[in-house]
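Here the structure comes first, spelled out in structure tokens, and everything after it is commentary.
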Amino acid sequence: RIQWARSVDGGKSFGDPELLFDDPAPGSDFEPRIATDRNGKWMIVWMSERDMLGSGPERDIFYAKSADNGEAWIGPLLLNDEDGELEFE
């Protein structure tokens, strides 16, 4: 499961870790990566073998995004579909 923690003091301290989303599907998530534009927009991307969003129990790439410095997250969103082509929502 993907967890995240937020800092409001430039990384000097962090709040308690929280689940990015609560999805009961069995399986594992791999290699989460996080990026920001330093203007409040954040994105987390990871690979999962869990059957989320009807993607099937195969390795797919998912992402979540925030437009308010991590206050709220939208996701998980599917980055690739069953034929392996990349798509963006």
- prompt: Taking the range 10-42 as the search range and keeping residues that are in contact with a Gly (Cβ under 8 Å, 6 or more places away or on another chain) and assigned to a loop (DSSP other than H, G, I, E, B), which one is surrounded by the fewest Cβ atoms within 10 Å (Cβ to Cβ)?
  reply: Phe21
message: Being in contact with a Leu (Cβ under 7 Å, 6 or more places away or on another chain) and modelled with pLDDT of 90 or more is true for just one of Ile61, Ile44. Which residue is that?
response: Ile44
message: Anything in the range 1-56 that is touching a residue at least 24 places away in the same chain (Cβ under 8 Å) and farther than 18 Å from Leu77 by Cβ? List them, or say none.
response: Arg6, Pro26, Gly40
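The values are calculated or read from the model by the stated rules, or taken from the named source; none is laboratory data. Quick caveat, the model's predicted, so the values are computed rather than measured. Backbone-built Cβ (ideal geometry, glycine too); neighbour counts: all protein chains shown.
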